[in-house]
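The values are calculated or read from the model by the stated rules, or taken from the named source; none is laboratory data. All of these numbers come straight from a predicted model, not from anything done at the bench. In case anyone asks, the SASA skips ligands and DNA or RNA and just uses the protein heavy atoms, side chains included. Shrake-Rupley method; radii C 1.70, N 1.55, O 1.52, S 1.80 Å.
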Amino acid sequence: MSSQSSRSSQFRDQVERLVSEATDDIVPIVQLGHPTLRQNAEPYDGQLPDDLLSEFLRVMRHTMHHAPGVGLAAPQVGISLQIAVLEDQYTLDPAIAADREREPLEYLEIFNPSYSAAGDRTASFFEGCLSFTGFQAVVTRPADIETSFSDASGTKIQRSFSGWQARIFQHETDHLAGTVYIDRAETRSLIGQGELSRYPGLHVDAARKVLGF
């Protein structure tokens, strides 16, 4: 058996096991310290049969919703493949949504994604992560990006994102390169879940004055 065939077989076995152990299409999300979160995930090139891929994507989407979150990358469920699912349909206070440039994002499956800044505009906001539960910290990211990715059928797509949609795409794509948001964060801005009430709306300027970042 070739090395590539062996790796594909390993991924197939891992995903079959994960899917079989799901409860109501929900699986555990691994936490910071799990080695898969610090690996460069392998590009997806058909390692999974179509039916198993569909099951895996369904489980990822249900797990993301249950968490709840707006994105989930395959390494977050212990599978080191360049696959992520995104969706943001949550209702927010209009003022907070406007401040964050947060528009609804339809369900999206991305394979082998990449992104680059489209211009010099940046935005700084608090982020959290389903693999680093109980904390949020401020991350400065490009506010407008150009992206490239494939869908489940292998069709290549190029698309522009701005605002919160751009942040979600960057956050999940970073996971596929072994990067967690805290690597990019202002570490003095890190807030534990129990302290969030001190910063209504998570306004960065107010938190900056108190925390000194």
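A few comments on the model shown:
- Between the stretch 18-93 and the stretch 124-200, the C-alpha centres lie 16 angstrom from each other.
- Based on DSSP H segments of at least four residues, each scored -39500 (n - 2.57), the chain has a per-residue ellipticity at 222 nm of -9000 deg cm²/dmol.
- Along each principal axis, Cα extent of the stretch 51-194, largest first, Å: 43, 35, 29
- Here the accessible area is traced with a 1.4 Å probe on the protein chains. For the stretch 69-213, carbon and sulfur cover 49 percent of it.
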